[in-house]
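Trainee: Please find one structure pasted underneath; my questions will follow.
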């Protein structure tokens, strides 16, 4: 079944609708009745290939389509849906962001979404067009259904549920739409330059339950000595555990025998020996993934190669993602232990370079940590270079706003799930006082940005109920004292 993306959005009567988001409440049944309409609305967004075709760092760009016309077309489609619902809308004249509003209170509750998507894999890997919503057995297939057009639709229908319930709104609700979540977040940079940040926001670009803390991100390079007998160029994205590491030197047969003895998988490819690992997000490198660079370095050392980089990768990092041999125990009670992902290794006649992705616990003194790291690296004879840094996200788990989100989840699902912490770097960090919340249950498999990206329609309906309940609950508290602090 292919959804007709031109299907119009319905209007509904408020007769008989009550403020009750419990499992069997009237509002819950109302949302369930919108399944067909929700799918049709999502189809309209999916039809736009809104992956970035033009990236700019100029936040004051005069272009009305800074990331490509397709993203602007999708943004206009979303605003058209909102206007059909009777909501106020605003579009940034430069095309970086837009927002949709309900209510008129002086304090603002934000929901942070985005409509840009990853460019899909070769369409031959899809069993239907990436840009045409396809419904199979209750699953909605299409590019952006999970990240993040589906969550936007769930949030939009949550606003409509509140509007239909005729609940008095103490605070304005603002659904903020970004266009650059997969690049540099410059859309929110422009938003904050021209708009006041909401008093509190949540972003449905993750999973339930609410995430109240995310570790600090630090990406660095270590520069070291050259080599006259070894050339390597291994690794890929800094935020991924490398699953391949290639060696093209003269000792391939010897290396292959040693890899077999170590129990490491490898293959021959284009005249090279490729050590195989298993990829994973750097955010979970302490319990997922197998680092192919570490395995290659161990094999090369075992057949007689000597270089400081091999020792660092195989011994200092090795299979300890907390690098206690280098830094000791780095942890806090809130977010746990430091993790380090060895992402890239380069060795040649000009020098050597190791690129690392570190997730630093939220409450660790960052200046002191940086000093300790620099000194440890210097003692090993390496030069330290910082590549990038993103501060942590933190809103206390005991803050009234986080408690309201947790209670909304419990009210709708009947499940009690405590606020949690993460090592991920979510889009929620692009706004102050914003936490990840939904849009999917933790058991739901991640499908974006792979081929055949999809969501379950039931998941979107459930998320919409949870968001509506959360927004209703947040109306009951003064937002100025609801958040606590953000590091």
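Trainee: Estimate the FRET efficiency between residue 279 and residue 36 by the formula 1/(1 + (r/R0)^6), using the beta-carbon distance for r and 45 Å for R0, to the nearest 0.05.
Mentor: Approximately 0.75, to the nearest 0.05.
Trainee: Still on this model: For a quick check: sort 87, 200 by the number of other beta carbons within 10 angstrom, fewest at the front.
Mentor: 87, 200
Trainee: Now for a different question. Where does each of 278-290, 246-258 land if you order them by average Cβ count within 10 Å, highest first?
Mentor: The packing order, highest mean first, is 278-290, 246-258.
Trainee: Another question, if that's okay. Would you mind estimating how fast the chain diffuses translationally, via Stokes-Einstein at 10 °C and 1.306 mPa s with the Kirkwood radius over Cα pairs, in µm²/s?
Mentor: The calculation lands on 66 µm²/s.
Trainee: Also, quick follow-up: Express in whole angstrom the spacing between the alpha-carbon centres of the stretch 328-386 and the stretch 403-420.
Mentor: Between the Cα centre of the stretch 328-386 and that of the stretch 403-420, the gap is 36 Å.
Trainee: Run lengths n ≥ 4 of DSSP H only: what is the helix-derived mean residue ellipticity at 222 nm for the chain, with -39500 (n - 2.57) per run over all residues, to the nearest 500?
Mentor: Helices in the chain give a 222 nm mean residue ellipticity of -8500 deg cm²/dmol.
Trainee: Extending each Cα 7 Å along its Cβ direction at residue 237 and residue 121, get the distance between those two points in nm, one decimal.
Mentor: 1.3 nm
Trainee: Going by Cα centres, the stretch 144-215 and the stretch 267-287 are how many Å apart?
Mentor: Using only Cα atoms to place each centre, the spacing works out to 36 Å.
Trainee: Shifting gears a bit: Among rounded, prolate and oblate, which fits the stretch 183-324 when a ≥ b ≥ c are the square roots of the eigenvalues of its C-alpha gyration tensor, a/c under 1.5 means rounded, and a/b larger than b/c means prolate?
Mentor: prolate
Trainee: To the nearest 10 degrees, how steeply does helix 292-302 sit against the main Cα axis of the chain, on a 0 to 90 scale?
Mentor: 10 degrees
Trainee: Is the C-alpha gyration tensor of the stretch 62-204 telling us rounded, prolate or oblate? Criteria: a/c under 1.5 is rounded; beyond that, a/b larger than b/c is prolate, otherwise oblate.
Mentor: It comes out oblate by the Cα gyration axes.
Trainee: With axes computed from alpha carbons, what is the tilt in degrees of helix 252-262 against the longest principal axis of the chain, rounded to the nearest 10 within 0 to 90?
Mentor: The two axes meet at around 70 degrees.
Trainee: Apply the a/c threshold of 1.5 to the C-alpha gyration tensor of the stretch 287-376 and tell me whether it is rounded, prolate or oblate.
Mentor: prolate
Trainee: While we're on this one: Between residue 348 and residue 90, how many nm apart are label points set 7 Å from Cα along the C-beta direction?
Mentor: With each label point 7 Å from Cα toward Cβ, the separation is 5.0 nm.
Trainee: Here is a follow-up. Need the full-extension length gain, residue 169 to residue 269, defined as separation in residues times 0.36 nm minus the C-alpha distance. One decimal, nm.
Mentor: Using 0.36 nm per residue and subtracting the Cα-Cα distance, I get 29.7 nm.
Trainee: Let me check against my output: what whole-number percent is the relative contact order of the stretch 216-390, with C-alpha pairs under 8 Å and at least 6 apart?
Mentor: Value for the stretch 216-390: 35 percent.
Trainee: Quote to one decimal, in nm, the extra length available between residue 306 and residue 379 on full extension: 0.36 nm per residue of separation minus the C-alpha distance between them.
Mentor: 24.4 nm
Trainee: In whole percent, what relative contact order does the chain give with Cα contacts below 8 Å and a gap of six or more residues?
Mentor: 22 percent
Trainee: What percent of all Cα-Cα pairs in the stretch 326-441 falls into each 5 Å bin, going from 0 up to the bin containing the maximum distance?
Mentor: Spelled out per bin, shortest first, that is 2, 8, 16, 18, 16, 12, 9, 7, 5, 3, 2, 1, 0.
Trainee: Based on other C-beta atoms within 10 Å, arrange 228, 420 from fewest to most.
Mentor: Ordered by Cβ neighbours within 10 Å, fewest first: 228, 420.
Trainee: Going by how many other beta carbons lie within 10 Å of each one, how would you line up 418, 188, 38, fewest first?
Mentor: Fewest-to-most Cβ neighbours within 10 Å comes out as 418, 38, 188.
Trainee: Next question, about the same structure. For the Cα atoms of the chain, what angle does the longest principal axis make with the long axis of helix 149-165, in degrees from 0 to 90, nearest 10?
Mentor: The answer is roughly 30 degrees.
Values quoted throughout were computed directly from the atomic coordinates according to the rules given, and no laboratory measurement underlies them. Since the structure is predicted, the reported quantities are computational estimates derived from the model, not experimental observations. Counting neighbours? That spans all protein chains shown, and the Cβs are built from the backbone with ideal geometry, glycine included.
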